[in-house]
Each structure stands twice: as structure tokens, then as C-alpha cells.
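What follows is a short report on a single structure.
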Amino acid sequence: LKEMAEEQIPEIKELHVMRPDFRSPLVRLEDGTLFEEKNFAYIGTSWLTRFDYEIIEGSIEAFNEDKYSIALTAEQAQKYFGTADALGKSVELYENTHTVNLIIAQNLSNSSFQFDAYLPLASYWQDQAAYEADYNSGNYNYITFADLNEESSKEQIQTQLASLLNQY
């Protein structure tokens, strides 16, 4: 939908998409330790640059280049790896190995985004059942923000988006 909206509604410069993971994933560390997590989210490639995340280590580019990346908050990295350097380490999640390519500062207390880890949406969409459930069942679990052209009308864009959603 992101690509269709950006293509069909010229008033939209860019959409920034996040999908919280409601499945409480099990995370397996390299030593076999398991953690059940509740605050993970999948994000589009523009999410980290659109919002004000403080990068502690790694790069957004490295995160975006690998669909099996994971970005951890500093607290989550310490939980998993103690005092060891977490960058470049791996965790297993949903039978895939994800490499820590980014460490970010703790979420600000006034932020609506209180997630401990972010994964690329591309890794979520590798699960065919999840992909089909999202796109064929009216599943609206995506949080989306839009950058609009200055001359655009919010009401007109809302109408166009509603029309686009009704088509699919």
C-alpha cells in the first residue's frame, strides 16, 4: 500500500511505516539463552531517519541494507549481551538469524514509540502467511505517518487514501 499511495497520490512525499509485532517472539541468543519479548516492531527503511533516534553504534544504512538486521536499544543490548559489544552479534528470531547492526539510545519517556528492538519490514514479509494475512484480510496493524507537500489538502488526501484502501 505504501508504494501505491506514494505513486497514486502525488501530494504524498513519503510514507513512514511501522508494524508492531503482536506475536511475543522468542529470541534465542548465540549461547542458547531464550527471551520472550513483547516490545518489538517492524519498520520501513525511512522510519529511523524520519524520527529522532539517537544512534549509539552502527548505522542506519547497514540496518536498512540487510533484511535480517536488528536494531536494539542500549538497554536491550545490555540485557542480551551484558557488557560485551553487541554490534555484529546475532540473535535468532522466527527461525531466522538477525545481526545487530544498530544500537540506539533508550526511548524518551514522552515518546509514543516504546519498542526495545526494530526489525526491517522486509524480514516480516518473508513469512508468506504473515504477508497474505496483512494484505488479504483487512488487517490494519500498520502505523503510518506521511510527509506531505506543503500545498496539499489533508482532507483531499484522507479521501484519496480511503478510496485506495477500499480498492484492496
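The values are calculated or read from the model by the stated rules, or taken from the named source; none is laboratory data. Predicted model, so just to flag it, every value in this text is computed and none were measured. In this analysis, Cβ positions are derived from the backbone assuming ideal geometry, glycine residues included, and neighbour counts consider all displayed protein chains. Side chains included, ligands, DNA and RNA excluded: accessible areas come from the protein's heavy atoms. Shrake-Rupley method; radii C 1.70, N 1.55, O 1.52, S 1.80 Å.
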Could you tally up the Lys pairs in the stretch 1-122 with alpha carbons closer than 29 Å? Skip any pair fewer than 8 positions apart unless they're on separate chains.
10
What net charge is computed for the residues neighbouring residue 105, neighbours being all others with C-beta under 11 Å from the C-beta of residue 105, Lys and Arg scored +1, Asp and Glu -1?
-4
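Can you give the FRET efficiency to the nearest 0.05 for residue 159 and residue 31, using r as the Cβ-Cβ distance and R₀ = 45 Å? Present the calculation step by step, with values, prior to reporting the outcome.
Details: r = 54 Å, r/R0 = 1.19.
So the FRET efficiency works out to roughly 0.25.
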Accessible carbon and sulfur surface of the chain relative to its total accessible area, %, 1.4 Å:
47 percent
Accessible area in square angstrom per residue, the stretch 1-134, 1.4 angstrom probe:
51 Å²
Please report the antiparallel percentage of DSSP beta bridges with both residues in the chain, rounded to the nearest 5.
75 percent
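Which loop chymotrypsin sites (Phe, Trp or Tyr not before Pro) in the stretch 1-100, with loop taken from DSSP, have no more than 10 other Cβ atoms within 10 angstrom of their Cβ?
Working: sites: 22, 35, 40, 42, 47, 51, 53, 63, 68, 80, 81, 94; in loops: 22, 51, 53, 68, 94.
Answer in residue order: 22.
Cα gyration tensor of the chain, axes a ≥ b ≥ c as square roots of the eigenvalues: rounded (a/c below 1.5), prolate (a/b > b/c) or oblate?
Prolate, because a/c is 1.5 or more and a/b exceeds b/c.
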With a ≥ b ≥ c taken as the square roots of the eigenvalues of the C-alpha gyration tensor of the stretch 62-124, please select rounded if a/c is under 1.5 and otherwise prolate if a/b is larger than b/c or oblate if it is not?
oblate
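I need the GluC sites (Glu not before Pro) found in the stretch 51-159, filtered to DSSP loop residues with at most 15 other beta carbons within 10 Å of theirs.
Numbers: sites: 54, 57, 61, 65, 75, 92, 95, 132, 150, 151, 155; in loops: 54, 95, 150, 151.
Listed in order of number, the matching sites are 54, 95, 150, 151.
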